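Below is one structure, written out as structure tokens, with a few remarks after it.
The values are calculated or read from the model by the stated rules, or taken from the named source; none is laboratory data. None of the values given here were measured: they were computed from a predicted structure. Here Cβ is always computed from backbone atoms with ideal geometry, including for glycine, and neighbour counts include all displayed protein chains.
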Amino acid sequence: MTRRTNGLSQAEEDLSRLIGEIYRATLEPEGWTPVLEKVADFVNGSYGMVLVRNKATALPFINSSARLDPEVFIPYYAHYCNLDLWIKRGIDKLPAGTTARGVDLVPFDELRETEFYNDFIDPNECSRMMVGVTAATDSVFGHVSIFRRNESGEFEDSDIARFRAIMPHLQQASQIALKLGGNTAKQMGFESVLDAMADGVLLLDDKGEIVHINAAAQRILESKDGLHLSRSGLRASKNDQTAKLRTLVAAAIAARDQPISGGGGSLRIARPSGKRAYMVLIGPIAAVEVAWSLGRPAVVVFITDPERQAAPPFDLLRRGFGLTPAEARLTVALIQEPDLKTAAERLAITEGTARIYLKQVFEKTGVNSQVALMKLLLTGPAILGK
């Protein structure tokens, strides 16, 4: 075996490079396709596929492929998955880390007598298969499959030996990708909830630098009416208020290891436009040690704009409280204009009709006054989604 200057043979270098690319694909989901191509080439295959599916439904929630027409999967999941003899012979009962050839599960002579083979496998030229199981739980089955064109013949022992050499890395990379994907989905969900809030929310790290800004805070900062972002961080229009703001942020950072002692505080931020001042509330986020993490939130800043009167979405009012279209329109109008007579005029209805609608709204929302109705709508979950 010829050794290169780094002490590795060409084959060892190729394997090392492939393993590195397998793990890089965990950070870039679109990277699985080129990696699968290289895995297929490494084991003398034609096509590659990585799949994670729900055992109960047999439907995938992760599916990447290389050199396979994506259209192939449409008839498979519509019909041929129920005829898949490899699945019927227990491919999804193999333990994680296992590698096997299709012929080990179903003899080829038996396979080619089936509808599954003649109407699906043979036309798509993937009759020779090799599988490596990446995940096997009561609810989830994941695998990497490599296929060969019909004329290439069966995978040889040397091919499956090469597949087994990289299988631990494919299995580990698949598990890392699942965990990262799950964390990303959670983060996106949390950010969507924050963006639905009427108040501005900023998360700062332990240096006071911004980690996340929700949509409402972004609008407030972009207006530059009392608060804005500078190179040095969050600033108020007035220097003394900027100093107070930063003092409260520093106090919140110092208190994050002892949240029971308080830290942070509140202040009003004047607005050059003359509009009512923002109310800013600053508090610590309890320190949680998470290995290998950067930019952990240490402080939360809430910004309330008293000028903003956000009405709950019309459709949400109807669904949430069972209001009729007329009742929902009146409710939205009253949030924008509390005077019943004026709201009725805007809607081109009589004040008497408006009172009838309002009484029906009270009954459906469980309140007995207009003040209580406004409090329910402007502080409850209905405001989310605006």
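Overview of results
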quantity	calculated
Qualifying position, being in the same structural domain as Asn63 (by TED's automatic domain parsing), acidic (Asp, Glu) and assigned to a helix (DSSP H, G or I), among Asp109, Asp138	Asp109
Residue that is surrounded by the fewest Cβ atoms within 10 Å (Cβ to Cβ) [pool: residues in the stretch 49-81 that are among the polar types (S, T, N, Q) and touching a residue at least 12 places away in the same chain (Cβ under 8 Å)]	Asn54
Odd one out for Glu209 among (1) in the same structural domain as Ile74 (by TED's automatic domain parsing); (2) within 30 Å of Tyr278 (Cα to Cα); (3) of a type in the set (D, E, K, R)	(1)
Out of Phe147, Phe73, Phe116, sole residue that is in contact with a Phe, Trp or Tyr (Cβ under 9 Å, 6 or more places away or on another chain) and in a helix (DSSP H, G or I)	Phe116
Hey, Thr98 surrounded by 14 or more Cβ atoms within 10 Å (Cβ to Cβ) and among the polar types (S, T, N, Q) or not	yes
The stretch 316-369, subset at pLDDT 90 or above and acidic (Asp, Glu), residue farthest from Ala196 (Cα to Cα)	Glu351
Yes/no for Ala216 being surrounded by 15 or more Cβ atoms within 10 Å (Cβ to Cβ), under 25 Å from the mean Cα position of the chain (by Cα) and assigned by TED's automatic domain parsing to the domain that holds Asp14	no
Out of Ile19, Ile91, sole residue that is in the same structural domain as Asp119 (by TED's automatic domain parsing) and under 23 Å from Arg128 (Cα atoms)	Ile91
Asp69 being at pLDDT below 90, charged (D, E, K, R) and in the same structural domain as Thr137 (by TED's automatic domain parsing)	yes
Some residue of the stretch 230-245 being in contact with a strand residue (DSSP E or B) (Cβ under 7 Å, 6 or more places away or on another chain), part of a strand (DSSP E or B) and loosely packed, with under 14 Cβ neighbours inside 10 Å	no
Residue that is of a type in the set (Gly, Ala, Ser) and without any contact (Cβ under 8 Å) to a residue 24 or more places away in the chain, where the choices are Ala326, Ala354, Ala372	Ala372
Any hit, the stretch 168-181, residues being surrounded by 15 or more Cβ atoms within 10 Å (Cβ to Cβ), touching a strand residue (DSSP E or B) at 6+ places or on another chain (Cβ under 6 Å) and not in a helix (DSSP H, G or I)	no
Any chance Gly385 is assigned to a helix (DSSP H, G or I), of a type outside the set (D, E, K, R) and either within 26 Å of Leu281 (Cα to Cα) or at pLDDT 85 or above (or both)	no
Single condition His143 does not satisfy, out of (1) within 16 Å of Arg53 (Cβ to Cβ); (2) surrounded by fewer than 14 Cβ atoms within 10 Å (Cβ to Cβ); (3) not aliphatic (A, V, I, L, M)	(2)
